[in-house]
Amino acid sequence: MSLRLLREQPAPSLGFLSRDQNNTIAGGVGVVVVSLVGLTLLSRWMIRICRPNEMLVVTGSRSNQGSQGLKGYRVVANGGWTFVKPVLETDVTPFIGPVLMRVGGRDHAAAPG
């Protein structure tokens, strides 16, 4: 008789939450972790950072350039960042640095422009 009573009693809970609540919390934590990883990967794919000695030209969509009006490109310079829409826009980092020039038989370093 005592063996039959032990079989009919429900299993004790492992903590202050029931098993269903534990599964719900674990599922919610899993969704949050997967979302954060996904957003991190997406932002690394879309954000372009320009170093202080670089210039970044983003082409492919029209943007407002203030007093210059709408242009088909935007320029990020002097250590900035921007979002690049993956399929619609492309970015180019042109070379900006000293150029070695030969003037009068001697080599001189000159800045472009």
Positive-end extreme of charge dipole, the stretch 20-111 - chosen from Asn53, Asn22, Ser67 (charges on Cβ)
Ser67
Hey, what do the phi angles of the stretch 46-60 turn into as Karplus ³J(HN,Hα) couplings, whole Hz, using 6.51/-1.76/1.60 and θ = phi - 60°, x for Gly and Pro?
9, 8, 10, 10, 10, 6, x, 9, 10, 9, 10, 10, 10, 10, x
Least to most buried among Thr93, Thr40, by other C-beta atoms within 10 Å and fewest first, runs Thr40, Thr93
Residue-by-residue Karplus 3J(HN,Hα) for the stretch 36-41, coefficients 6.51, -1.76, 1.60, Hz, glycine and proline x
5, 5, x, 5, 5, 5
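Values quoted throughout were computed directly from the atomic coordinates according to the rules given, and no laboratory measurement underlies them. Note that the structure is predicted; figures quoted are calculated from it, not measured. Backbone-built Cβ (ideal geometry, glycine too); neighbour counts: all protein chains shown.
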